[in-house]
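Engineer: Got a structure for you, questions after.
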Amino acid sequence: MILADFGAKVIRVDRTKVAMAMDTQARGKQSVAINLKTSDGVALLRKLCVQSDVVLEPYRKGVMEKLGLGPQELLKENPRLIYARLTGYGQSGSYATAAGHDINYLAMSGLLSRLGRSGEKPYAPLNLLADFAGGGLTCAMGIVLALLERTKSGKGQIIDASMVEGAAYVGSFIWKSRSIGMWDRSRGENMLDSGAPFYDTYQTSDGKYMAVGAIEPQFYKQLLKGLELDAAALPTQMNYIDWPELRRIFTERFATKTQADWSKIFDGTDACVTPVLSFDQVSSHPHNQERGSFIQDSSREESPRPAPVLSRTPAQPCLASDPVIGEHTVEVLEEYGFSSAQIDQMLTAGIIECNAVKAKL
Ligand SMILES: C[C@H](CCC[C@@H](C)[C@H]1CC[C@H]2[C@@H]3[C@H](O)C[C@@H]4C[C@H](O)CC[C@]4(C)[C@H]3C[C@H](O)[C@]12C)C(=O)SCCNC(=O)CCNC(=O)[C@H](O)C(C)(C)COP(=O)(O)OP(=O)(O)OC[C@H]1O[C@@H](n2cnc3c(N)ncnc32)[C@H](O)[C@@H]1OP(=O)(O)O
């Protein structure tokens with residue numbers, strides 16, 4: 001979706017005879033439906049792959065090789081091809097062929113062991129870190145880097161994007177800041193993992209929350225000012241022995257006003273205090289509105305605008321409905337040089353499928 005948002009022509013290869021597309025990140029993609037359990041279907045996909053700049057495959061290790069569509073074979077035919085393999089455990093190692101999901105990859109990256117509150121079990125923050133930050137995003141960066149390199153060498157390459165390694169790499173700060181003692185204490189007892197009272201969330205009187213990130217002394221001072229607390233009467237900020245008492249005081253204080261009240265108090269200050277916005281609140285928040293940070297598609301579904309914003313060539317996310325499975329089969333095949341007769345023959349033989357968008361009344 002990121003690549004499509006930023007202008008790539010992205011064709012998703014779907015199965016045939018599937019009732020409904022489950023790809024919720026389908027924005028801007030085209031869909032061709034090919035039955036890869038037929039040799040003609042595999043031969044067709046091969047033709048599409050070798051005429052493309054990039055192939056991105058999300059299967060378990062060995063699946064593409066079994067189909068005869070492994071990178072060695074395709075690169076022989078198109079040495080400029082960039083072949084990205086997005087998996088959980090990578091293309092080698094004893095876990096390479098095992099099934100898994102975000103939580104498993106995060107666990108294997110070491111990061112999950114650091115996530116969660118003190119005294120509680122490790123907690124996976126949605127499926128963001130391995131699937132998306134360490135997986136999709138890292139893989140997209142790999143593709144862009146390989147495309148850039150190809151402009152110099154003229155050569156394609158294989159990208160082995162493991163979500164375990166991608167997540168671990170995204171977590172490099174955690175790894176490398178151990179040297180300055182940032183993670184010496186147990187999970188949930190350090191400055192940035194909900195251990196510190198000045199880096200946490202607090203419930204407000206209307207059951208909502210405020211986020212506090214007042215680390216530096218000058219910002220911490222402003223936090224205390226907003227909370228109307230006297231620094232001289234409080235335990236010290238950086239001594240973790242005092243953190244439980246400080247947290248108790250902040251908790252009591254935040255519970256006395258609504259989220260809107262606290263927002264009014266802290267807006268325009270450097271206290272590093274913000275409301276914890278729900279999905280319902282986020283697009284109407286003045287700051288996000290001023291920047292146009294959220295967009296609506298043709299069915300009025302809201303989602304984040306692509307980031308970052310490029311000054312000359314910003315992303316132009318497609319606002320039309322997501323493709324139905326096989327919506328673009330004929331269009332894409334024609335573009336790749338197949339004749340109408342060839343396409344008809346494949347449709348009749350059930351090698352490909354073409355589905356029209358149902359009219360919305
Ligand atoms: C936490 C996230 C997971 C979020 C997933 C959710 C979005 C969805 C997961 C379950 C869904 C729900 C469920 O389906 C039940 C309902 C269904 C209903 O219709 C809708 C509501 C549901 C509740 C539904 C809702 C949602 O969709 C779900 C909740 C993640 O962590 S995602 C990261 C996963 N890991 C990876 O991607 C790593 C790399 N991949 C893998 O390791 C494997 O692919 C994986 C994911 C373990 C799956 O393994 P699997 O054995 O199933 O597949 P593979 O070994 O890769 O082989 C694929 C085979 O398919 C053949 N094939 C491919 N294309 C075609 C084709 N066009 N035609 C024919 N055949 C095709 C391919 O040849 C392989 O065949 P073989 O097995 O014979 O080699």
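Engineer: Any chance you could list P(r) for the range 65-146, counting all Cα-Cα pairs in 10 angstrom bins from zero, rounded to whole %?
Structural biologist: Bin by bin from 0 Å, the calculated values are 16, 37, 30, 12, 4, 1.
Engineer: Now a separate question. Go ahead and set up a Gaussian network model of the chain, Cα springs under 10 Å, then flag whichever of Asp160, Asp242, Asp200 fluctuates most.
Structural biologist: Comparing Asp160, Asp242, Asp200 in the GNM, the peak value goes to Asp242.
Engineer: So what is the calculated 222 nm ellipticity per residue for the chain, using -39500 (n - 2.57) for each DSSP H run with n of 4 or more, over all residues, to the nearest 500 deg cm²/dmol? Show your work: numbers first, answer last.
Structural biologist: Values: 15 runs with 120 residues, N = 361.
Computed mean residue ellipticity for the chain: -9000 deg cm²/dmol.
Engineer: Now, a different point. I'd like the distance between the alpha-carbon centres of the range 1-34 and the range 262-279, rounded to an integer number of Å.
Structural biologist: 39 Å
Engineer: Contour minus end-to-end for Leu148 and Lys17, with contour as 0.36 nm per residue of separation and end-to-end as the Cα-Cα distance? Each step should come with its number before you reach the end.
Structural biologist: Values: separation 131, 0.36 × 131 = 47.16 nm, distance 3.78 nm.
Stretched out fully, the Leu148 to Lys17 stretch lengthens by 43.4 nm.
Engineer: Separate question: Can you list the lysines whose alpha carbon is less than 17 Å from that of Lys264, not counting same-chain residues fewer than 8 positions off?
Structural biologist: Partners within reach: Lys208, Lys225.
Engineer: Separate question: In nm, give the distance between the simple-model label positions of Lys76 and Asp297, each being 7 Å from the Cα along the Cα-to-Cβ direction.
Structural biologist: The answer from the label model is 4.0 nm.
Engineer: Leaving out ligands, DNA and RNA, and with a 1.4 Å probe, what % of the accessible surface on the range 176-281 is carbon or sulfur? Before the final figure, lay out the partial values.
Structural biologist: On the way: 3250 of 6050 Å².
That share works out to 54 percent.
Engineer: Right, next: Taking all protein chains as present, what is the carbon and sulfur share of the accessible area of the range 1-130, in % to the nearest whole number, probe 1.4 Å? Spell out each step's value before the answer.
Structural biologist: On the way: 4050 of 7120 Å².
Its accessible area is 57 percent carbon and sulfur atoms.
Engineer: Over all directions, how big on average is the projection of the convex hull of the alpha-carbon atoms in the range 238-290, in square nanometres? Walk me through the intermediate numbers first.
Structural biologist: Values: hull surface 19.4 nm².
Seen from a random direction, the Cα hull of the range 238-290 projects 4.9 nm² on average.
Engineer: Moving on. Nearest 10 degrees is fine. How inclined is helix 217-226 to the longest principal axis of the chain, computing both from alpha carbons?
Structural biologist: Here the helix axis deviates by roughly 70 degrees.
Engineer: Report, to the nearest 10°, how far helix 243-254 tilts away from the longest principal axis of the Cα atoms in the chain, using its own Cα long axis and a range of 0 to 90°.
Structural biologist: The answer is roughly 90 degrees.
Engineer: Enter the Cα centre distance for the pair the range 294-361 and the range 117-144, rounded to the nearest angstrom.
Structural biologist: 28 Å
Engineer: So what's the convex hull volume per residue for the Cα atoms of the range 83-131, in Å³?
Structural biologist: Numbers: hull volume 4.0 nm³, N = 49.
Convex hull volume per residue, Cα atoms: 82 Å³.
Engineer: How much length would be gained if the chain were fully extended between Asp242 and Ala356, taking 0.36 nm per residue of separation minus their Cα-Cα distance, in nm to one decimal?
Structural biologist: Numbers: separation 114, 0.36 × 114 = 41.04 nm, distance 6.46 nm.
Full-extension gain reported as 34.6 nm.
Engineer: I'd like the per residue volume of the convex hull spanned by the Cα atoms of the chain, given in cubic angstrom. Could you put the intermediate results ahead of the total?
Structural biologist: Working: hull volume 70.1 nm³, N = 361.
Here the figure is 194 Å³ per residue.
Engineer: Another question about this same structure. As an exercise, find the ratio Rg/Rh for the range 1-71 from alpha-carbon atoms, using the Kirkwood inverse-distance average for Rh. Can you show the working numbers first?
Structural biologist: Working: Rg = 12.6 Å, Rh = 13.2 Å.
Ratio value, two decimals: 0.95.
Engineer: Moving on. Run the Debye formula on the Cα coordinates of the range 148-214, all scatterers equal and no solvent, and tell me log10 I(q)/I(0) at q = 0.16, 0.26 1/Å.
Structural biologist: -0.75, -1.10
Engineer: Compute the Rg to Rh ratio over the range 266-361 from the alpha carbon atoms, using the Kirkwood formula for Rh, and round to two decimal places.
Structural biologist: On the way: Rg = 21.7 Å, Rh = 17.7 Å.
Value, to two decimals: 1.22.
Engineer: Another question, then. How big is the convex hull of the Cα atoms of the range 315-361, per residue, in Å³?
Structural biologist: Residue-normalised Cα hull volume stands at 103 Å³.
Engineer: Which whole number in µm²/s is D for the range 3-122 by Stokes-Einstein, with the Kirkwood Rh taken over Cα pairs at 37 °C and 0.692 mPa s? Walk me through the intermediate numbers first.
Structural biologist: Numbers: Rh = 16.7 Å.
Calculated translational D: 196 µm²/s.
Engineer: Could you work out the equivalent-ellipsoid semi-axes for the range 138-253, taking the square root of 5 times each eigenvalue of the Cα gyration tensor, largest first, in whole Å? Please list the in-between numbers first.
Structural biologist: Working: eigenvalues 363, 53, 36 Å².
Over the Cα atoms of the range 138-253, the ellipsoid semi-axes are 43, 16, 13 Å.
Engineer: Which of Pro308, Leu75, Ser278 sits closest to the plus end of the dipole of the chain, meaning its Cα is farthest towards the positive end, when Lys and Arg get +1 and Asp and Glu get -1 on the C-beta?
Structural biologist: The residue sitting most towards the positive pole is Leu75.
Engineer: If you don't mind, another one. Kindly work out what percent of the DSSP beta bridges joining two residues of the chain are antiparallel, to the nearest 5.
Structural biologist: Numbers: 13 of 28 bridges.
Counting DSSP beta bridges with both partners in the chain, the antiparallel share is about 45 percent.
Engineer: Taking the solvent-accessible surface of protein heavy atoms with a 1.4 Å probe, what is the per residue accessible area of the range 155-291 in Å²?
Structural biologist: Working: 7970 Å² over 137 residues.
Computed with neighbouring chains in place, this is 58 Å² per residue.
Engineer: To the nearest 10 degrees, how steep is helix 138-153 against the longest Cα principal axis of the chain, on a 0 to 90 scale?
Structural biologist: 60 degrees
Engineer: Within straight cross-link reach of Lys17, meaning Cα distance under 26 Å, which lysines are found once same-chain residues fewer than 8 apart are removed?
Structural biologist: The qualifying lysines are Lys9, Lys29, Lys37, Lys47, Lys61, Lys66, Lys358, Lys360.
Engineer: Bin width 5 Å, alpha-carbon pairs only: give the P(r) of the range 187-325 as whole percents, running from 0 to the bin holding the largest distance.
Structural biologist: With 5 Å bins starting at 0, P(r) equals 2, 9, 16, 18, 14, 12, 9, 9, 6, 4, 2, 1, 0, 0.
Engineer: Once every Cα of the range 135-176 carries one equal point scatterer and solvent is ignored, give the base-10 log of I(q)/I(0) from the Debye formula at q = 0.32 Å⁻¹, two decimals.
Structural biologist: Debye output, listed in q order: -1.02.
The values are calculated or read from the model by the stated rules, or taken from the named source; none is laboratory data. Note that the coordinates shown come from a computational prediction; the quantities given were computed from them, not determined experimentally. Note: ideal-geometry Cβ built from the backbone for every residue, glycine included; neighbour counts use all protein chains shown. Heavy atoms of the whole protein, side chains included, go into the accessibility calculation; ligands, DNA and RNA do not. Shrake-Rupley method; radii C 1.70, N 1.55, O 1.52, S 1.80 Å.
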